[in-house]
1. How far is helix 41-71 tilted off the main Cα axis of the chain, in degrees rounded to 10, range 0 to 90?
2. How high is the FRET efficiency from residue 65 to residue 21, r the C-beta distance, R0 25 Å, rounded to 0.05?
3. May I ask for the equivalent-ellipsoid semi-axes of the chain, computed as the square root of five times each C-alpha gyration tensor eigenvalue and listed largest first in whole Å?
4. First measure r as the distance between the Cβ atoms of residue 2 and residue 54, then evaluate 1/(1 + (r/R0)^6) with R0 = 30 Å and state the FRET efficiency to the nearest 0.05.
5. Nearest 10 degrees, 0 to 90: what angle lies between the long axis of helix 15-36 and the longest principal axis of the chain (Cα atoms)?
6. Does anyone have the angle between helix 3-13 and the longest principal axis of the chain? Alpha-carbon axes, 0 to 90°, nearest 10?
Amino acid sequence: MNLNYLIGAGIAALAGLGAGIGIGIATGKSAEAIARQPEASSKIQTVFFLGIALAEATAIYGFVVAILLIVK
């Protein structure tokens, strides 16, 4: 197997690191927002879950690319 594919797979797998950091920041900010305005918690949670879904999709795309590079 070509070493370039393995390096590319490692770089693609780093998308999970970025998603984890993004989800952590989003969780902290949403908890802070709910603490400041408890009456707006349903709206904050909706935006929070949408943001988590988008961040997680990015991580899944990176994982799929890494798997495809390794399998090739």
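1. Roughly 0 degrees, rounded to the nearest 10.
2. Working: r = 19 Å, r/R0 = 0.75.
Efficiency computed from Cβ-Cβ geometry: 0.85.
3. 36, 10, 4
4. On the way: r = 32 Å, r/R0 = 1.08.
Efficiency for this residue pair is about 0.40.
5. Tilt relative to the chain: about 0 degrees.
6. Between the helix axis and the principal axis of the chain, the angle is about 10 degrees.
Bear in mind these aren't lab numbers, they're just calculated from the coordinates by the rules spelled out. Predicted model only: the values in this text are computed from it and were never measured. With ideal geometry, Cβ positions are generated from the backbone for all residues, glycine too; neighbour counts draw on all protein chains shown.
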